[in-house]
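Let me begin by presenting the structure, written as structure tokens, before commenting on it.
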Amino acid sequence: MKKVRGFEVAKGYENSDIHLPVRKTKYSAGYDVEAAEDCTVPSFTPGQAPTLIKTGLKAYMPADEYLMLCNRSSNPKKKGLVMANSVGIIDSDYYENPDNDGHFMFAFYNVKAEPVEIKKGDCIGQAIFQKFAVVDNDQAEGERVGGFGSTSK
């Protein structure tokens with residue numbers, strides 16, 4: 001079978017019992033993504049960096065697609081978790097990058113008064129594959145040289 005789009009376990013997580021994301025119903029847009037390990041998201045304080053929740057996953061897709069990372073609709077009310085970047089965007093050339101093999105993570109803040117415990121296997125968000133378009137006379141010729149936050153380097 002020819003690979004078109006999908007998920008794989010990222011390097012370093014091969015023996016971590018990582019579950020590949022699945023859609024729970026036939027009309028679901030998003031693939032449910034689980035946490036790769038236990039972690040704690042502390043209550044928010046000004047100036048603090050978001051907590052990166054590891055997934056142990058990477059995603060491959062055609063060059064004209066991206067993977068959109070979205071919060072679960074229940075996370076803000078039930079757990080107080082909001083995504084630091086509102087929506088995460090994983091570009092197709094992030095796959096197998098030299099810095100982190102394309103391992104994508106969710107960046108969360110916790111708006112509740114108490115820390116939130118995330119357990120390995122907890123569903124933390126959704127991943128949705130999307131097509132994108134480019135404008136006339138697009139001149140993008142840069143090459144990805146790294147992982148997280150490397151697009152503008």
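A short reminder: the numbers here are calculations on the coordinates, not readings from a lab. Given the structure is predicted, the values throughout are model-derived calculations rather than measurements. Cβ sites come from the backbone with ideal geometry, for glycine too, and all protein chains shown count toward neighbours.
Points to keep in mind about this one:
- Rounded to the nearest 0.05, the FRET efficiency derived from the C-beta distance between Ser73 and Lys120 at R0 = 25 Å is 0.70.
- Counting Lys and Arg as +1 and Asp and Glu as -1 over every other residue whose Cβ lies under 11 Å from the Cβ of Leu81, the net charge comes to +4.
- Estimated inter-spin distance, Glu143 and Glu96, nm [label 7 Å along Cα→Cβ]: 1.5 nm
- Max mean-square fluctuation residue, GNM over the chain, Cα-Cα springs under 10 Å, options Asp17, Asp138, Asp64: Asp138
- Positive minus negative residues near Gly12 (Lys, Arg vs Asp, Glu; Cβ under 14 Å): -4
- Linear extension gain, Lys11 paired with Asp38, 0.36 nm per residue minus alpha-carbon span: 7.9 nm
- Hits among lysines - C-alpha to C-alpha of Lys54 under 23 Å, sequence gap 8 or more where chains match: Lys11, Lys24, Lys77, Lys78, Lys79, Lys112, Lys119, Lys120
- A cut-off under 14 angstrom between Cβ atoms defines the neighbours of Val111, and their net charge, with Lys, Arg +1 and Asp, Glu -1, is +3.
- Theoretical gain in end-to-end length, Asn85 to Val22 [0.36 nm per residue, Cα-Cα removed]: 20.4 nm
- In region 20-65, the chymotrypsin sites (Phe, Trp or Tyr not before Pro) that fall in loop regions by DSSP, at most 14 other Cβ within 10 Å: Tyr27
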